[in-house]
Structure formats: structure tokens, C-alpha cells
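The structure appears below as C-alpha cells.
Rule-based calculations on the coordinates, nothing more; no lab input. What you see is a predicted model, and the numbers here were worked out from it, not measured in a lab. All Cβ positions, glycine included, derive from the backbone under ideal geometry; neighbour counts span all protein chains shown.
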Amino acid sequence: MEPKTFQHPPWYIEPQKGESISHYFGRFRRHEAVCVSYPGSLSKAAGIGPVLARWEKFRFNPFPSQKELEAIGKLIGLDADRIAQMLPPKGEKMKMEPIRLCAACYAEQAFHRLEWQFQSTVGCDRHKLRLLSECPFCKEHFTIPALWEQGECNKCNAPFRTMAKRQKAY
């Protein structure tokens, strides 16, 4: 008898290590096999109410329950423990606004890092650069990572990867 091999559903998207839940669910909702415009539609389909819209804005009060994580995980084909890795660790306070970015990191791997929204994070430890909280070209604040479809400023369309030259050292 051959061993069973696990197959992911066609809409499965692998989360990046350190990726924020906001960025992940934005990517998931835009996937060609999913195409869901609003986070509320996805969380409603999972039977957990409008919580996904809060999570995409880093609003974790109340903190996502195991039941909610399991329900959304079942819907999208992702283990609840893996979804929990995209949430802040217990005791870590989040900075909901402004949305922050290390353009040097983004140029290397195009996704929003959860740690950029920690209140305790001042800058990027890897690049020794302060995080950006607005476009250095037009001064527009960054939108929530769930909406980062092209990886660029919403107002002037400057690519995030080009903003690293404007980041200050720390």
C-alpha cells in the first residue's frame, strides 16, 4: 500500500517566515483561485464574523481565539498554529498606525514583516535602518499591508524597493 500524500487545495498560499497576517490575507484574497475583495466575506464564509477585517488592521483586541484560527484555517487549508505564527507573541504590543516598512528588507523579499508593527521595534536590525512610516517621495502614509498589491505607494506609485536609499541609519 502506498503512503498517502497530503495535497494542498488549489488556493493554498504558503506564508513567508515572519509575514504579517495582514499581508498574508491580502495575498490570499487576491489569489486567482480565491478572488475575494473584502476580508469580511472570507471570515463570514469561515463562520467567525467580521474579525478578519480587524486582524488586517492589526487590531487584536480581543486576541484571536483558537476556535477562530481553526475555522479560518479549515477554510483556507492552513494549520491554525501556522496562522498563529503571523500574530504577535503574547505580551507584544502592536503599533496599529502608522504602517511601517523596511524598504531594504522589502526589496529582498516582497512582504510585510509582523515585527515592523511591534511597538518595541525601532528599526530594522538586519539593515540597521529606521523604519519608514510614509512614502519618502510624497509623504503619504502607507496603507495596510493587505492592500499592498503592487508593492508601491498608493499615491505616487513609487515602488517600496526604491525607498531604501531614503531610510536613515539607526
With a 10 Å cut-off between alpha carbons and a GNM built on the chain, which of P62, P136, P159 moves the most?
P62
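How much mean residue ellipticity at 222 nm does the chain get from its helices, if each DSSP H run of length 4 or more adds -39500 (n - 2.57) and you divide by all residues, to the nearest 500 deg cm²/dmol?
-7000 deg cm²/dmol
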What size of dipole, in debye to the nearest 20, comes out for the stretch 68-113 about its Cα centre when the only charges are +1 on Lys and Arg C-beta atoms and -1 on Asp and Glu C-beta atoms?
180 debye
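Can you compute the FRET efficiency between Q150 and K67 using 1/(1 + (r/R0)^6), with r the Cβ-Cβ distance and R0 = 25 Å? Round to the nearest 0.05. Before the final figure, lay out each step's value.
Working: r = 35 Å, r/R0 = 1.39.
Using R0 = 25 Å, I get an efficiency of 0.10.
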Search the structure for amide H atoms under 5 Å from the amide H of M94, placed 1.01 Å from N in the peptide plane, and list their residues when 5 or more places away or on another chain.
Q119
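Any idea what the dipole of the chain comes to, in debye rounded to 20, about its Cα centre with Lys/Arg Cβ at +1 and Asp/Glu Cβ at -1?
580 debye
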Taking the Cα atoms only, what angle lies between the long axis of helix 21-30 and the longest principal axis of the chain, rounded to 10 degrees?
70 degrees
What FRET efficiency comes out for the pair F118/S41, r = Cβ-Cβ distance, R0 = 35 Å, nearest 0.05?
0.75
Could you state, as a whole-number percent, how many of the C-alpha pairs of the chain are farther apart than 29 Å?
22 percent
Trypsin sites (Lys or Arg not before Pro) within the stretch 20-80: DSSP coil, no more than 14 neighbouring Cβ in 10 Å:
R59
Cut-off 17 Å (backbone N to label point 7 Å along Cα→Cβ of A169), residues of the stretch 95-134
104, 123-131
With θ taken as phi - 60° and the coefficients 6.51, -1.76 and 1.60, list the Karplus ³J(HN,Hα) couplings across the stretch 87-92 in order, rounded to whole Hz; mark glycine and proline as x.
9, x, x, 3, x, 7
Per the C-alpha gyration tensor (a ≥ b ≥ c, the square roots of its eigenvalues), the stretch 83-170 is rounded if a/c is under 1.5, else prolate if a/b beats b/c, else oblate; here it's prolate
Taking placed amide H atoms and a strict 5 Å upper bound, the residues 5 or more places from A158 or on another chain that come that close are C153
Mean separation of Cα contacts under 8 Å, 6 or more apart, over the residue count of the chain: relative contact order %
23 percent
The stretch 93-168: GluC sites (Glu not before Pro) in DSSP coil with no more than 16 other Cβ atoms inside 10 Å:
E140, E149
According to a simple spin-label model (label point 7 Å from Cα along Cα-to-Cβ), what is the distance in nm between V34 and N157?
2.6 nm
When the Karplus curve 6.51 cos²θ - 1.76 cosθ + 1.60 is applied with θ = phi - 60°, which whole-Hz ³J(HN,Hα) does each residue of the stretch 71-83 get, with x for Gly and Pro?
5, 5, x, 4, 5, 9, x, 10, 4, 4, 5, 5, 5
Whole angstrom only: what separates the Cα centroid of the stretch 80-117 from the Cα centroid of the stretch 125-169?
14 Å
For the chain, modelled as a Gaussian network with Cα springs under 10 Å, which listed residue fluctuates most, S65, S22, S43?
S65
Please list, ordered by chain and number, the residues whose modelled amide H lies under 5 Å from the amide H of T143; skip anything fewer than 5 residues away on the same chain.
N154
Can you check what the net charge comes to around R82, using other residues whose Cβ is under 11 Å from the Cβ of R82 (Lys, Arg +1; Asp, Glu -1)?
-3
What are the ³J(HN,Hα) couplings of the stretch 111-118, residue after residue, when phi is run through the Karplus curve with 6.51, -1.76, 1.60 and θ = phi - 60°? Round to Hz, x for glycine and proline.
7, 7, 8, 4, 4, 5, 9, 5
